[in-house]
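K.L.:
Let me give you the structure first, and then I'll get to my questions.
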Amino acid sequence: MNEVITGSVLSALSTGLGALLILFMKNSVTHRWRDTLLAFTAGIMMAASVMGLIPEALNTGGFFQLAVGVFLGVATLTLLEKNIPHIDLQHSQRNIKFDEKAMLIIAAITLHNIPEGLAVGVSYASGDTADTGNLIAFAIGLQNAPEGFLVALFLFNQEINKFKSFLIATATGAIEIVSAMFGYYLTSFVEGLVSYGLAFAAGAMLFIIYKELIPESHGDGNERTSTYSFIVGLLFMIMLLELF
């Protein structure tokens, strides 16, 4: 129990660590750098899903549980995206008024953070040790840092002052703590649900990678740079998996 609380809190606070950079920024960040960061986080999430969540789902269940869980994760994110109005954080126009569009911003961030928190919580419930949970929490934390920076940058571009942008971006990570606890308790007390939960989290993360992060990183003519960054993020996460 202590492990899931610690892991989810540290993972969520990584959003604030990335957002902290906004306080020291003097110049705007180019689309190339934003696309590079997006692609790098996509690579990290891909490695965590394919080498962490999916193998663990197979070990605790089987292919049937994996397939059902993955499709449920994809279907849930699809329904959320279709039914919750949201805007694109990375490529929105500068003249959007924050006070008029606050709910759309929160919805967009929530779509990304809920499955990430679920992945952390379910991973801690997947076995007798916290190894899988620590791995996923670490991977999510790594990708949360640039995500937090991008959220803070978006808010700053909407004429919100730097400190307030930092605080709001940091606060958005809190949803991951809530969803992590939900995932942990649900899979801990419902027998046989762990493998489905792991696969669900993997499916949701794969949906975000392919539907959101990769297309967004290719949206401004930086396809080649983003592709390289994705591969570097993937290899970086694999290297950490091998080391730890």
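The values are calculated or read from the model by the stated rules, or taken from the named source; none is laboratory data. Computed from a predicted structure; not experimentally measured. Cβ coordinates were reconstructed from backbone atoms using ideal geometry, including for glycine residues, and neighbour counts include every protein chain displayed. To get the accessible areas, we keep the full protein, side chains included, count just its heavy atoms, and leave off ligands, DNA and RNA. Shrake-Rupley method; radii C 1.70, N 1.55, O 1.52, S 1.80 Å.
K.L.:
Got a number for carbon plus sulfur as a percent of the stretch 118-206's accessible area, 1.4 Å probe?
P.N.:
Carbon and sulfur atoms account for 68 percent of the accessible area of the stretch 118-206.
K.L.:
So for E56, E242, what's the accessible-area order with a 1.4 Å probe, most first? Intermediate values should be presented prior to the final figure.
P.N.:
Working: E56 40, E242 140 Å².
Of E56, E242, the descending order of accessible area is E242, E56.
K.L.:
Sticking with this structure for a sec: Using the Cβ atoms and a cut-off under 10 Å, what net charge is assigned to the surroundings of D220, where Lys and Arg are +1 and Asp and Glu are -1? Display every interim value, and only then the final one.
P.N.:
Working: positive: R32, R34; negative: D35, E216, E223.
Result for the neighbourhood of D220: -1.
K.L.:
To the nearest 10 square angstrom, what accessible area does T227 show with a 1.4 Å probe?
P.N.:
60
K.L.:
Determine how large the accessible area of L198 is when every protein chain is in place; take a 1.4 Å probe and give Å² rounded to the nearest 10.
P.N.:
Result for L198: roughly 0 Å² accessible.
K.L.:
Ranked by accessible surface with a 1.4 Å probe, highest first, in what order do L72, L80 come?
P.N.:
Numbers: L72 90, L80 50 Å².
These residues rank, largest area first, as L72, L80.
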